[in-house]
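I have placed the structure first, in the form of structure tokens, so that the comments after it can refer back to it.
Nothing in this text is a laboratory measurement; each read-out follows from the coordinates by a stated rule. Quick caveat, the model's predicted, so the values are computed rather than measured. Cβ placement follows ideal geometry from the backbone for every residue including glycine, while neighbour counts extend to all protein chains displayed.
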Amino acid sequence: MRKAAILHEANEFVKEGKYENFLAYCTEDTRWVFVGEQILTGKEEVRQYMKEFYWEPPVFNVDTTVEEGDFVIVTGQITLRDKDGNYNQYDYCDVWQFENGKIAGVKAYVIEKKR
């Protein structure tokens with residue numbers, strides 16, 4: 001299966017709030033870099049991040065997907081609902097890295113849309 005197809009299949013679980021199913025697609029030492037914000041290392045840190053920020057499943061709109069070697073680049077928009085019930089919208093560019101067919105990491109450039 002192509003890496004882009006694997007990523008989009010995994011993200012369907014995120015959309016459904018099935019985060020453990022998504023994490024099954026990740027390596028144990030997956031590393032997520034949110035540029036200018038924070039770095040998550042390992043499945044447990046990603047799991048805790050999802051519990052804190054994805055307490056309601058996010059809504060993704062993908063504009064572009066490009067696959068090259070062990071990398072998949074995805075651009076689009078994401079909407080997250082915060083604990084106060086507000087919806088926040090962001091543009092993003094994610095550079096996903098794969099190892100042996102699993103998600104080994106992501107470098108995420110996320111910019112909040114101003115209202």
Exposure proxy order (Cβ contacts within 10 Å, fewest to most) of 72, 110, 66: 66, 110, 72
Scanning the chain for GluC sites (Glu not before Pro) in DSSP loops with at most 11 other Cβ atoms within 10 Å, what's the longest stretch left with none? 38-115
Mean shadow area (nm²) of the C-alpha convex hull around the chain is 6.8
Going by alpha carbons, how many degrees (0 to 90, nearest 10) lie between the helix axis of 3-15 and the longest principal axis of the chain? 30
Could you tell me the number of lysine pairs in the chain with C-alpha atoms less than 14 Å from each other, where the two lysines are 8 or more residues apart or belong to different chains? 6
If you put +1 on each Lys and Arg Cβ and -1 on each Asp and Glu Cβ, how big is the dipole of the chain around its Cα centre, in Debye rounded to 20? 220
Neighbour cut-off at most 14 other Cβ (10 Å), DSSP loop, trypsin sites (Lys or Arg not before Pro), the range 18-70: 18
Once every DSSP H run of n ≥ 4 in the chain is given -39500 (n - 2.57) and the sum is divided by its residues, what mean residue ellipticity at 222 nm do you get, rounded to the nearest 500 deg cm²/dmol? -7500 deg cm²/dmol
Charge dipole (the chain, unit charges on Cβ, about Cα centre) - positive-most of 26, 106, 55: 55
Residues in the range 78-105 reached by a label modelled at residue 64 [backbone nitrogen below 17 Å; 7 Å Cα→Cβ]: 78, 91-96
